[in-house]
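See structure below.
The values are calculated or read from the model by the stated rules, or taken from the named source; none is laboratory data. Remember, predicted model here, so these are calculated numbers, not experimental data. Note that each Cβ is placed from the backbone with ideal geometry, even for glycine, and that neighbours are counted across all protein chains shown.
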């Protein structure tokens, strides 16, 4: 089970969301300039800036055998934007596409040459896949903007399995494996401001080749999943933004990249949220956020249907998450914000396998600096 429901298959899809987008239930992913989904949104960066993000997650997995608790530290997003000219903006980002970092342990009793031996096996995985994106946005008119981006997917999966025994004379067993991933893709998008009340963002990413290699030899080939998303925000009320978004990702195209035990499905994501002006701190307005996100996760696990025939069908994991967040200006110089801190807390429940449930609490912290 890879230690958790969210870590099945090739790993957990973080969503590539900024802290602000997480706090609004992922509903503004196509309008947020920091989130590397819609390249057209880069035009909203304004002044040049740098965004750094840290998202530790505490997980509790409950099953018939008990409860397992883990803490995973993620640095899922680094992004930078620059205003090239009045009409052209550019940005570069490194974000986590899939995270596969976990450690599990299992105890077993074996009889070897008539002797009962107790063993403890540790199964550790580290790595995942990252999306490196370089994008540009062009302002066609004050209300319409388009964007284009190139993506390089890179990463690795490092597996270490160690078994120790409680009897003298038995040598510990150590096994290691490392697989690298690489691929490229293109994405495009647009944003449209309808008067003063609505903002709409749409984008898509093309399907492309994705390879798994070991020691410069190609093990398997699959396809980089295509993606399409839309976000709509209503800004007709002073000091408030109400938003909704949807996202589709064709993860099933990755089936050829893994073993027969790894099955993937296409996923859907829906988010709703709001952002309102809060109290003033040192003359600056603090933004308060909240949202809800529902989505399916891409990787399932085969569950036997008939023990005699040996047939199996995959069980898929669903995730429901509530989030609260805030945006706090840190430094204002000459009436311009030079630094800002975004904070979001997300509580996610995951279910799908019989008798197993998972609860994850994520604290997302994003720091933006604008010289």
Looking only at region 56-73, which residues are modelled with pLDDT of 90 or more and outside any strand (DSSP E or B)? 56
Take the conditions under 15 Å from residue 289 (Cα atoms) and touching a strand residue (DSSP E or B) at 6+ places or on another chain (Cβ under 7 Å) and apply them to residue 239. Does it pass? yes
Which condition number in (1) surrounded by fewer than 12 Cβ atoms within 10 Å (Cβ to Cβ); (2) modelled with pLDDT of 95 or more is the one that residue 169 fails? (2)
Condition test on residue 325, is it touching a residue at least 60 places away in the same chain (Cβ under 8 Å) and either within 20 Å of residue 93 (Cβ to Cβ) or buried (at least 21 other Cβ atoms within 10 Å of the Cβ) (or both)? yes
Can we say residue 21 is modelled with pLDDT of 90 or more and under 23 Å from residue 206 (Cβ atoms)? yes
Might you let me know whether region 117-136 holds any residue that is loosely packed, with under 13 Cβ neighbours inside 10 Å and part of a strand (DSSP E or B)? yes
State yes or no: is residue 289 exposed (fewer than 15 other Cβ atoms within 10 Å of the Cβ), modelled with pLDDT of 90 or more, assigned to a strand (DSSP E or B) and under 25 Å from the mean Cα position of the chain (by Cα)? no
Looking at this structure, is residue 90 at pLDDT 90 or above and over 13 Å from the mean Cα position of the chain (by Cα)? yes
What pairs come up if the first residue lies in region 42-55 and is on the phi > 0 side of the Ramachandran plot and at pLDDT below 90, the second is assigned to a loop (DSSP other than H, G, I, E, B) and surrounded by 15 or more Cβ atoms within 10 Å (Cβ to Cβ), and their beta carbons are under 8 Å apart, counting only those six or more places apart or on different chains? 46/370
Take the residues in region 292-313 that are buried (at least 17 other Cβ atoms within 10 Å of the Cβ) and either out of contact with any helix residue (DSSP H, G or I) (no Cβ under 6 Å at 6 or more places or on another chain) or modelled with pLDDT under 70 (or both), then tell me which one is farthest from residue 361 (Cα to Cα). 301
Criterion (assigned to a strand (DSSP E or B), modelled with pLDDT of 80 or more and within 24 Å of residue 272 (Cβ to Cβ)) met by exactly one of 326, 368, 339: 326
I'm trying to understand the selection: among the residues of region 74-115, which are more than 30 Å from residue 182 (Cβ to Cβ) and either in contact with a strand residue (DSSP E or B) (Cβ under 6 Å, 6 or more places away or on another chain) or assigned to a strand (DSSP E or B) (or both)? 83, 87, 105, 106, 107, 108, 109, 110, 111, 112, 115
For residue 106, state whether it is out of contact with any helix residue (DSSP H, G or I) (no Cβ under 7 Å at 6 or more places or on another chain) and crowded, with 18+ Cβ neighbours inside 10 Å. no
Across region 220-244, what is the number of residues that are part of a loop (DSSP other than H, G, I, E, B) and crowded, with 17+ Cβ neighbours inside 10 Å? 3
Name the one entry in 233, 209, 246 that is in contact with a strand residue (DSSP E or B) (Cβ under 8 Å, 6 or more places away or on another chain) and under 20 Å from residue 142 (Cα atoms). 233
